[in-house]
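Encoded as structure tokens, the structure appears first; notes follow it.
Read the figures in this text as sums done on the coordinates, not as results from a lab. Everything numeric here is computed off the predicted structure, so don't read it as measured data. Quick reminder, even Gly has a Cβ in these numbers, built from the backbone with ideal geometry, and neighbours come from all protein chains shown.
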Amino acid sequence: MFELKNKVALVTGARRGMGKADALILAKQGAKVAVTDIDLEECKQVVEEIKKAGGEAMAFKMNVSDKAEVDKVFDEVIKKWGRLDILVNNAGVFLPKMALDMTETDWDKTLDINLKGQFLCAQRAAKEMAKNKWGRIINIASIASGGVGVGVMAGSHYSASKGGIIGMSETMAIEWAPLGINVNVIAPGAIDTPMIQEAGMSKEAMDAFLAGVPMKRMGEADEIASAVVFLGSEEASYITGATLVVDGGWLAS
Ligand SMILES: NC(=O)c1ccc[n+]([C@@H]2O[C@H](COP(=O)([O-])OP(=O)(O)OC[C@H]3O[C@@H](n4cnc5c(N)ncnc54)[C@H](O)[C@@H]3O)[C@@H](O)[C@H]2O)c1
């Protein structure tokens, strides 16, 4: 089960954090993986790791909010490997700003990367996947996406973008089901990655927060990557338009 041999995957934001974990595990399951991010050098290091472990991968600089760059990279991947089967829309930023201080530029930057970027990649991927009547698009949102009582201090732009991802994905799921493309969302809770480390939360604030998480710990990037492999596999054939919460029980508590 969950074998991805002969599949081609593209992961955005894959130089570090969850995106890197996704790229490594997709390759381990047999997929050829395009490792993309804004920093080419770090993508190359991820590719090296994959190759050392016996997998196949290529590195690309790709800013997800730049349509011309997205189209160019997708074209290169398809030219090299002939197809695209799995897209992991993982790239994202959390640039804390209180709503009263938010500039239009702050707002646009977050929405351009977190939401428009996912749309551009999903649209380009779906055009390719439709040719083979098979595709898996996995969009990374957050539990801070509205409707579940989780707001993020200084993150009105962030939670707007993450809520948008869920609405967008449900619509793509119904539009693209006849094309053989499944579109699903993963909503992580707090996962131990550079993004969380750079958010600068104090130890006290983190301890208080973790006290409310039933598992009493943050998640690991690999625990999101496992969900990515499942949703990217043949075995997830009847799942589309769903949001899979991976949060150590946070929302249930
Ligand atoms: N860490 C958490 O607790 C958490 C919780 C919920 C959701 N998420 C989401 O998970 C995803 C991965 O986050 P992470 O925690 O691994 O953070 P991270 O900061 O380690 O990784 C995000 C990656 O996105 C890349 N990126 C940023 N702007 C980009 C752009 N314009 N084009 C391409 N790549 C770009 C970064 O370079 C980075 O490698 C993000 O979408 C994030 O919003 C994270």
Task: For the range 35-59 and the range 104-153, distance of Cα centres in Å - done: 23 Å
Task: Rounded, prolate or oblate (a/c below 1.5 giving rounded, otherwise prolate when a/b exceeds b/c) for the range 44-116 by Cα gyration tensor - done: prolate
- [ ] Work out, step by step, the length gained on full extension between Asp75 and Trp107: first 0.36 nm times the residue separation, then minus their alpha carbon distance; give nm to one decimal.
- [x] 8.5 nm
TODO: Enumerate the calculated ³J(HN,Hα) couplings along the range 90-105 in order (Karplus 6.51 cos²θ - 1.76 cosθ + 1.60, θ = phi - 60°), each rounded to whole Hz, writing x wherever the residue is Gly or Pro.
DONE: 10, 4, x, 10, 10, 10, x, 7, 5, 4, 5, 9, 5, 8, 4, 5
- [ ] Measure nothing fancy, just the Cα-based angle from helix 17-28's long axis to the longest principal axis of the chain, in degrees from 0 to 90, nearest 10.
- [x] 30 degrees
Open item on the list: Taking a ≥ b ≥ c as the square roots of the Cα gyration tensor eigenvalues, with a/c under 1.5 meaning rounded and otherwise prolate when a/b beats b/c, else oblate, which class fits the range 179-253?
Closed with: prolate
Task: Packing rank of 85-94, 67-76, where each peptide gets the mean count of other beta carbons within 10 Å, highest leading - done: 85-94, 67-76
TODO: Rounded to the nearest 10 degrees, what's the angle between the helix 221-232 long axis and the longest principal axis of the chain, both from Cα atoms, 0 to 90?
DONE: 50 degrees
- [ ] First measure r as the distance between the Cβ atoms of Ile174 and Leu210, then evaluate 1/(1 + (r/R0)^6) with R0 = 45 Å and state the FRET efficiency to the nearest 0.05.
- [x] 0.75
- [ ] List every residue whose amide H lies under 5 Å from the amide H of Val245, counting only residues 5 or more places away in sequence or on a different chain, with H placed 1.01 Å from N in the peptide plane.
- [x] Ala187
TODO: Within 10 Å, count the other beta carbons around each residue, average over each peptide in 110-123, 162-175, 196-209, and list them highest first.
DONE: 110-123, 162-175, 196-209
Open item on the list: Run the numbers for Ala154 and Phe2: contour at 0.36 nm per residue of separation, minus the present Cα-Cα distance, in nm.
Closed with: 50.9 nm
- [ ] Which order do the peptides 29-41, 223-235 take when ranked by the mean count of other beta-carbon atoms within 10 Å per residue, highest first?
- [x] 29-41, 223-235
- [ ] Would you mind ranking Arg124, Arg15 by Cβ crowding within 10 Å, fewest neighbours first?
- [x] Arg124, Arg15
Open item on the list: Quick check: the angle from helix 156-176's long axis to the longest principal axis of the chain, C-alpha only, nearest 10 degrees?
Closed with: 30 degrees
